[in-house]
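Below is one structure, written out as structure tokens; comments come after it.
The values are calculated or read from the model by the stated rules, or taken from the named source; none is laboratory data. Computed from a prediction, not measured in an experiment: that's the story for all the values here. Glycine gets a Cβ as well: all are built from the backbone with ideal geometry, and neighbour counts include every protein chain shown.
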Amino acid sequence: MGETSFQKGTKPIKLIAAACNNMGIGRNGCLPWNLPKEYKYFIDKITSVTQPGKKNLIVLGRFSFESFDERYLPLPNCIIALLSRKESTLPPHASHICRDEEDVLKLASTPPLCNEVETIWILGGAEYYKTMMQHPWCDEIYLTRVQADFECDTFFPEVNQEIYKLMENFPGVPSEVQEENGLSYVFQVYKRAENIKRQ
């Protein structure tokens, strides 16, 4: 995906995921681990807005949506878009169906939502992570690194470290190793290098 025609309403795209040692993020449509505190961190990030009245556009593929913990739905400060080329019926708690990634960008950056959406958060699956990571609007990647081995069938794409730089002591993100249910993990944030220089 290259530059689009929606420059006036450009919205930051952020990716968020948790991955184990081999970058696995799921197995049979589910998370291979049980980390409630990590999941709460995940929810807090995607539902946070900086301005009153703003909302985030939460984008998930069908399998990612089906595996989402329903206890957190509906998500505060959020509009959910299902990214699917086949679905025609809106599932509960979703507001839009987008056929492809360009549909997502158009939805967020043109009226009526352009005045409401603050950030586009991509929650999977792997194909959409890979595509959105390459888009120039993608600014940050929030990646929880679970320090263990799990058998997975879905993997997070490789982060091009010439484009994205691993940040140290990123605001609002704990830097120390977390411990939960016998597992250790760390929160990482990668930021688009060209945007670091502008700050």
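When residues of the range 72-89 are filtered for being out of contact with any Ser or Thr (no Cβ under 7 Å at 6 or more places or on another chain), of a type outside the set (Ser, Thr, Tyr), at pLDDT 95 or above and surrounded by fewer than 17 Cβ atoms within 10 Å (Cβ to Cβ), how many remain?
Qualifying residue count for the region: 2.
Starting from residues that are over 18 Å from residue 129 (Cβ atoms) and surrounded by 13 or more Cβ atoms within 10 Å (Cβ to Cβ), keep the ones in the range 166-192 and report whichever is nearest to the chain's Cα centre (by Cα).
Of the residues in the range 166-192, the ones over 18 Å from residue 129 (Cβ atoms) are 167-186.
Still in the running and surrounded by 13 or more Cβ atoms within 10 Å (Cβ to Cβ): 167, 170, 173, 178, 180, 183, 185-186.
Details: 167: 17, 170: 17, 173: 15, 178: 20, 180: 22, 183: 22, 185: 18, 186: 17 Å.
That would be 173.
Could you look through the range 96-136, keep only residues that are among the acidic types (Asp, Glu) and without any contact (Cβ under 8 Å) to a residue 24 or more places away in the chain, and pick out the one that is surrounded by the fewest Cβ atoms within 10 Å (Cβ to Cβ)? Steps first, please.
Taking the range 96-136 as the starting set, the residues that turn out to be among the acidic types (Asp, Glu) are 100-103, 116, 118, 127.
The next check asks that each one be without any contact (Cβ under 8 Å) to a residue 24 or more places away in the chain; those that pass are 100, 103.
Details: 100: 14, 103: 16.
My answer is 100.
With respect to residue 43, determine if the residue is at pLDDT 95 or above, under 18 Å from residue 55 (Cα atoms) and β-branched (Val, Ile, Thr). Don't jump to the end; show me each part of the working.
Details: at pLDDT 95 or above: yes; under 18 Å from residue 55 (Cα atoms): yes; β-branched (Val, Ile, Thr): yes.
It is true that residue 43 is at pLDDT 95 or above, under 18 Å from residue 55 (Cα atoms) and β-branched (Val, Ile, Thr).
Yes or no: the range 149-169 includes at least one residue that is within 25 Å of residue 76 (Cβ to Cβ) and in a loop (DSSP other than H, G, I, E, B).
Filtering the range 149-169 down to residues within 25 Å of residue 76 (Cβ to Cβ) leaves none.
No, the range 149-169 contains no residue that is within 25 Å of residue 76 (Cβ to Cβ) and in a loop (DSSP other than H, G, I, E, B).
Tell me, please, whether a residue that is touching a helix residue (DSSP H, G or I) at 6+ places or on another chain (Cβ under 8 Å) and modelled with pLDDT under 95 can be found in the range 23-30.
Yes; the residues of the range 23-30 include at least one that is touching a helix residue (DSSP H, G or I) at 6+ places or on another chain (Cβ under 8 Å) and modelled with pLDDT under 95.
Residues being touching a Phe, Trp or Tyr at 6+ places or on another chain (Cβ under 7 Å), β-branched (Val, Ile, Thr) and in a helix (DSSP H, G or I): count how many of those fall in the range 43-70.
Qualifying residue count, the range 43-70: 2.
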